[in-house]
1. Evaluate the following for Met29: is it in a loop (DSSP other than H, G, I, E, B), under 22 Å from Ser2 (Cβ atoms) and at pLDDT 85 or above?
2. For Ser40, only one of the following conditions fails: (1) modelled with pLDDT of 85 or more; (2) out of contact with any helix residue (DSSP H, G or I) (no Cβ under 6 Å at 6 or more places or on another chain). What is its number?
Amino acid sequence: MSPKDNADYLLKQALDHGITDTRKLANFMGQMQVESGGFSRMNENLSYSSERLLDVFPGRNGMNTLEQANAVAAGGSERSPTRSTAAPEASSIWVIPRQAMAPDTTGVATCS
């Protein structure tokens, strides 16, 4: 997907999930632009050591121990100790699962 397609997808997801205030939407899209390298990728590189994962994301989805952080670092994907499997798309901490999307015909604004 192109950066524009990724930006449009994230904008649609934000609107669909209730982020409609213009300031909050601008903050969300700005953060996503930074986190995604200008919307060029839809997942975060998890080249963190287990120790650093635990420092940066303490308690994220139940990741509270070095053993749990080791599992995330080894698998390269988010693995919650309370779930037996992660979504196939879950190769990062912040990924939004992409679903098949038809072209937008709803008149929702898109990023340019």
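The values are calculated or read from the model by the stated rules, or taken from the named source; none is laboratory data. Here the structure is a predicted model, which is why all the values come from computation and not from measurement. Here the Cβ positions follow ideal geometry from the backbone for every residue, glycine too, while neighbour counts run over all protein chains shown.
1. Details: in a loop (DSSP other than H, G, I, E, B): no; under 22 Å from Ser2 (Cβ atoms): yes; at pLDDT 85 or above: yes.
The answer is no for Met29.
2. Every listed condition holds for Ser40 apart from (2).
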